[in-house]
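Student: Can you read through this structure? Questions will come right after.
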Amino acid sequence: MKKTTTSSVVQSSTHLLFAAAAVTMSALAASPDDQCFSFAPMSSVASYLGATLDYSVADRICCHNHKYAEYRGYLAAPEVDFFGRLDPSVETVFYDSVCGLPLFIAPRGRSFDEFKEESLKHGWPSFRPEESVSENIIIYNDGRMESVCKTHLGHNLPEGGVDRYCIDLVCMAGEPLSADDERNQIFQYLQQKEVIYPTELNTTVYTSSAEQYSGNTSNAKAIVVTVIIVGLVVAMGAFLYFKIWERSDGERKGKEIKKYSNETSISIHNEDDT
């Protein structure tokens, strides 16, 4: 059994107080133009799966940011131990930290160990297209990902020719909303969208419609640069090969001419001798 220290209790209490304050301030009214519709992550994020998550990080990353992420390896921090809290024998549904919509079902199409290995390798929970609840997720052209609730999720960083969703744990640490939660206001702005709500998700029959490779990635510029560099290297290699071949061919022809000249000279000398 793990011991609970005074410092950990104080830290946990601080996170919960911050969460309560943020939730109170955000519960005034939903704004359709603001990130997270002006709401903050639910307070339960701070104790997700029995872990201790930094609520201030969740609020900043999920609802006041489009670029940055929790630190790499956060999922494996002692107070988090993400994979140590999951049941490896079943699929787990991960929910939006703000509005509670289902985002991912994992592992799916691979083993728990493969899901764990890839995530730990990159430092963030990593999902594949078949593991996404595609109706509830948006992937922008630059690879930035957010939920239909405008919660920042992370970025699409393809690997092996397949999309790989690199997601911030603090933004997928939610749960379905209770009926009296003010965040239900968000859903009035989603009525024209094909959204899958928690009560509608049947994991037994659900199949994601996400493309294996969407082409939407923040790696796009790097890929273009790499293609250009490879093209230049190939062109330079071909040029050098041609130059070397040209030089070798010239030397070969020179030797043939010299050999022919010598043979001609010998022939002339022999004719003179006769």
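A short reminder: the numbers here are calculations on the coordinates, not readings from a lab. Quantities reported herein were computed from a predicted structural model and do not represent experimental measurements. Reconstructed Cβ throughout: ideal geometry from the backbone, glycine too, with neighbour counts over all protein chains shown.
Student: For His64 and Leu232, what does the FRET efficiency come to when R0 = 35 Å and r is the distance between their Cβ atoms, rounded to the nearest 0.05?
Tutor: Efficiency, rounded to the nearest 0.05: 0.25.
Student: Tell me the trypsin sites (Lys or Arg not before Pro) within the range 26-122 that lie in a loop according to DSSP and have at most 12 other beta-carbon atoms within 10 Å.
Tutor: Details: sites: Arg60, Lys67, Arg72, Arg85, Arg108, Arg110, Lys116, Lys121; in loops: Lys67, Arg72, Arg108, Arg110.
Here the trypsin sites (Lys or Arg not before Pro) that fit, given the DSSP loop and packing criteria, are Lys67, Arg72.
Student: Here's another thing I want to ask about it. In the neighborhood of Thr92, defined by Cβ-to-Cβ distances under 14 Å, what is the net charge if each Lys or Arg adds +1 and each Asp or Glu adds -1?
Tutor: Working: positive: Arg85, Arg108, Arg110, Lys116; negative: Asp87, Glu91, Glu131, Glu175.
Every neighbour counted, the sum reads 0.
Student: List the trypsin sites (Lys or Arg not before Pro) within the range 142-197 that DSSP assigns to loop and that have no more than 13 neighbouring Cβ atoms inside 10 Å.
Tutor: Hits after loop and neighbour filter: Lys193.
Student: Right, here's the next one. Output ³J(HN,Hα) for the range 64-74: one whole-Hz value per residue in order, computed from phi by the Karplus curve 6.51 cos²θ - 1.76 cosθ + 1.60 with θ = phi - 60°, and x for Gly and Pro.
Tutor: Once θ is set to phi - 60°, the couplings for the range 64-74 become 9, 6, 10, 10, 8, 9, 4, 5, 4, x, 4 Hz.
Student: What is the set of long-range amide H partners of Leu53 at a cut-off below 5 Å, with H atoms built 1.01 Å from backbone N?
Tutor: Ser47, Tyr48
Student: Once you have the Cα-Cα distance between Tyr197 and Arg72, take 0.36 nm times their residue separation minus that, and quote the gain in nm to one decimal. Before the final figure, lay out each step's value.
Tutor: Numbers: separation 125, 0.36 × 125 = 45.00 nm, distance 3.03 nm.
Value of the extension gain: 42.0 nm.
Student: Residue by residue through the range 111-117, which ³J(HN,Hα) values in whole Hz follow from phi under the Karplus form 6.51 cos²θ - 1.76 cosθ + 1.60 (θ = phi - 60°), with glycine and proline marked x?
Tutor: 7, 4, 5, 5, 4, 5, 4
Student: Give me the number: length gained by fully extending Leu49 to Ser209, i.e. 0.36 nm times residue separation minus the C-alpha to C-alpha distance, one decimal in nm. Don't skip to the answer; put the middle values down first.
Tutor: Details: separation 160, 0.36 × 160 = 57.60 nm, distance 2.83 nm.
The Leu49-Ser209 span can extend by a further 54.8 nm.
Student: Amide H of Ala173: which non-local residues (sequence gap of 5 or more, or other chain) have their own amide H closer than 5 Å, using H built in the peptide plane?
Tutor: Close amide H contacts, sequence-distant or interchain: Ser97.
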